[in-house]
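Here's the structure we're looking at; comments come further down.
Here, each number is a calculation from the coordinates, and none is a lab measurement. Since this is a predicted model, take the numbers as computed values, not measurements. Positions of Cβ are generated from backbone atoms using ideal geometry, with glycine treated the same way; all protein chains shown enter the neighbour counts.
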Amino acid sequence: MSGFWDWALVAYRAPGVSEACLTLQDTHGHNVPLLLWAGWTAAMGLALDEETIEAACDAARAWDGAAVGPLRAVRRTLKGPIPDIGDAGREALREQVKVIELAAERALMSDLEALVPAASGPAMSKLEALVEVARVWARVVPRPALAALAERLPA
């Protein structure tokens, strides 16, 4: 079985995946590592039950609230010019924050990978896994955006 982090790096670089993920994040409020985790479980033929999905969403919410979300906000704030702050220092700090944000996402992804039970029950398709996770994550399930992501994720 391929590790989630390694699979996610390859998947995120596949044509259209990063765009689909960022649309789901920025337009629909979804969590990219959580969506990739759902896609990875389906690609690996792993079954997800309701309890595992709930635990994954809880972990993603905790990491998002405590680390990933605040770091992303700081990184985005540092993206453009800030009055009275030099561009070189701002950009250098932004790059450091980006590294820390990625480390926080990787820690979340490690926690998510640890939640997956050994093979038990029938595996879901990528779209089924994405929809089931999205159902627990948010009230609105953006099926067209999830279908677009499912089509682009590698096997």
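Overview of results
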| item | result |
| --- | --- |
| Of the criteria (1) farther than 23 Å from residue 145 by Cβ; (2) of a type outside the set (Ser, Thr, Tyr); (3) in contact (Cβ under 8 Å) with a residue 12 or more places away in the chain, which one residue 53 fails | (1) |
| Qualifying positions in region 21-69 - out of contact with any helix residue (DSSP H, G or I) (no Cβ under 9 Å at 6 or more places or on another chain), part of a helix (DSSP H, G or I) and not charged (D, E, K, R) | 65 |
| Selection from region 80-99 of residues that are surrounded by 15 or more Cβ atoms within 10 Å (Cβ to Cβ) and of a type outside the set (Lys, Arg) | 97 |
| Selection from region 26-79 of residues that are crowded, with 17+ Cβ neighbours inside 10 Å and hydroxyl-bearing (Ser, Thr, Tyr) | 41, 52 |
